[in-house]
Amino acid sequence: MSLMSNFSRWLVSKLRAEKKAKILILGLDAAGKTTLTKFVNTGSFQAGLTPTIGQNIDTINFEGWDITTVDVAGQQQFRFLWDIHYPGCSAVIFVIDAADIERLPEARDILRVHVVNNMLLENVPALILANKQDLPAAIQAPMMIQLLNLHLDMVDRTFAVFDCSALTGKGVVEAFTWLVYQLEATK
Ligand code: G3D
């Protein structure tokens, strides 16, 4: 076993013992990652946020867990940054703009490369958020699972797809409750 994987195992167990978790928030640009993080932190929609450039590191306190979120930029030129964060990560959130049908194939490809087929994340829970459900065109979770082929690709994995809106907050608490439950269950 490599030094890095020994280190990341040690880090994950230490964070769990302290009720801390490093959670990656991934997704294409404009999916709503920044808005979601701010919503969970403040309990309300924050207008005028700057889209993620590079990366934002933030802390969320939810149900007694200190969750360090690494909101990694979605833009093509920053995708290399994602790899740096995988070791020591306790869970991954992948945010999808469920109302942007045109970019769904792109989101599916990125999800495949960085989550579904990523060996470094195969033992961590994956929360997939079908965001922007306040928009009429938004695809809902059951259809999203089919379109992303998750029912087949993620059969051995701990994952869930939740509908949510980072704008109204609908579904956000339910999704994070599922995530924290998974963190507690693997403590
Ligand atoms: P990113 O961090 O993934 O790049 P942002 O994305 O959080 O910056 O969000 C991109 C745009 O989508 C923002 O609009 C933001 O307000 C909007 N958005 C985020 N979540 C939702 C949602 O649930 N519903 C709707 N309707 N819009 C959402 P602007 O206009 O600032 O570009």
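The values are calculated or read from the model by the stated rules, or taken from the named source; none is laboratory data. Values in this document were obtained by computation on a predicted structure and should not be read as measured data. Glycine also receives a Cβ, built like all others from the backbone with ideal geometry; neighbour counts cover every protein chain displayed.
Annotations for the structure displayed:
- Residue in the stretch 26-50 that is nearest to Asn118 (Cα to Cα), counting only those that are part of a helix (DSSP H, G or I), among the β-branched types (Val, Ile, Thr) and at pLDDT below 85: Thr37
- Elements of type helices (runs of 4 or more DSSP H) in the stretch 77-187, at least 1 residues being of a type in the set (S, T, N, Q) and surrounded by 13 or more Cβ atoms within 10 Å (Cβ to Cβ): 172-185
- If you go through the stretch 140-187 and pick out every residue that is of a type outside the set (Lys, Arg) and within 16 Å of the ligand (Cβ to nearest atom), you end up with 18.
- Among residues of the stretch 58-67, those that are more than 17 Å from Glu184 (Cβ to Cβ) and either surrounded by 13 or more Cβ atoms within 10 Å (Cβ to Cβ) or modelled with pLDDT under 75 (or both), counted: 1
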